[in-house]
Amino acid sequence: QAALVQELPRPPPRCLQFGDLASPGMPGTGCQKAIQLWSEKNDNANPEEAEVVKLMCLSPPIEKMDPSLNQLVNVKHLSLSTNCIDKMISLPALKNIEILSLGRNVIKKIAGLDEIGATLRELWISYNSISTLDGLNMCLKLRALFISNNKIKDWGELAKLQANPELVNILLVNNPIYEGLSRKQARPKVLEQLPKIATLDGELLTGDDGGDEEEAPADG
């Protein structure tokens, strides 16, 4: 199992500085091409058989998710982090997916998850431009939501996550709702809406205000 490091506030990596990714007018890398490149770098692995596929930090970046991703029928962990994706789409053929990573893109809205909600256990979507927590109500198996460094500014948004009965791990730091609050001050406000949370912002919650640091994904 690959080691995960605690996600701390930091600027996006160099490959997400759009000026470094492509010249003006240069088309982005299509998902089919990205899958082909991934296969070539992994001893010509068959995408239809792979359980882990990482299409990260491409140059030029992926700008659009498209239906060619549906060929990844056996994938359990799909990462599209550190690209320039602006919109999530439905991927109905991904019947086995458990982890979807879309961190460090330009996504404004969570969408397209209804058809994978029966299996999705973790959504890594930090460092985007998301302002609401709509779009997750069908993800009944969701246990972890890493959504730091977005634009969530209304505490009432957290109440929407009450529709996710198995959610126990959430990363919220560097959203506007935390403005002016320490993590310790923010904790009771989160737990007021989500009392089942066991790990908040990388800390395992206990009966007191203490906690042990836990890992969060580096590309979340």
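Before moving on, here are some points about what is shown:
- Among residues of the range 69-100, those that are closer than 19 Å to LYS33 by Cβ and touching a Gly at 6+ places or on another chain (Cβ under 6 Å), counted: 2
- Inspection of the range 57-68 identifies at least one residue that is in contact with an Asp or Glu (Cβ under 9 Å, 6 or more places away or on another chain), more than 17 Å from GLY112 (Cα to Cα), of a type in the set (Gly, Ala, Ser) and surrounded by fewer than 21 Cβ atoms within 10 Å (Cβ to Cβ).
- Within the range 51-94, tally of residues that are outside any loop (DSSP other than H, G, I, E, B) and either in contact (Cβ under 8 Å) with a residue 60 or more places away in the chain or of a type outside the set (Gly, Ala, Ser) (or both): 10
Yes/no per residue for (1) surrounded by 18 or more Cβ atoms within 10 Å (Cβ to Cβ); (2) out of contact with any strand residue (DSSP E or B) (no Cβ under 7 Å at 6 or more places or on another chain); (3) among the β-branched types (Val, Ile, Thr):
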| residue | (1), (2), (3) |
| --- | --- |
| ASP134 | no, yes, no |
| LYS141 | no, yes, no |
| LEU145 | yes, no, no |
| GLY156 | no, yes, no |
| ASN175 | yes, yes, no |
| GLU179 | no, yes, no |
| PRO195 | no, yes, no |
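- Among (1) of a type in the set (Ser, Thr, Tyr); (2) surrounded by fewer than 14 Cβ atoms within 10 Å (Cβ to Cβ); (3) within 12 Å of the chain's Cα centre (by Cα), the one test that TYR127 misses: (2)
Laboratory data are not the source of any read-out in this text; all were calculated from the coordinates shown. Given the structure is predicted, the values throughout are model-derived calculations rather than measurements. Using ideal geometry, Cβ is built from the backbone for each residue, glycine included, and neighbour counts are taken over all protein chains shown.
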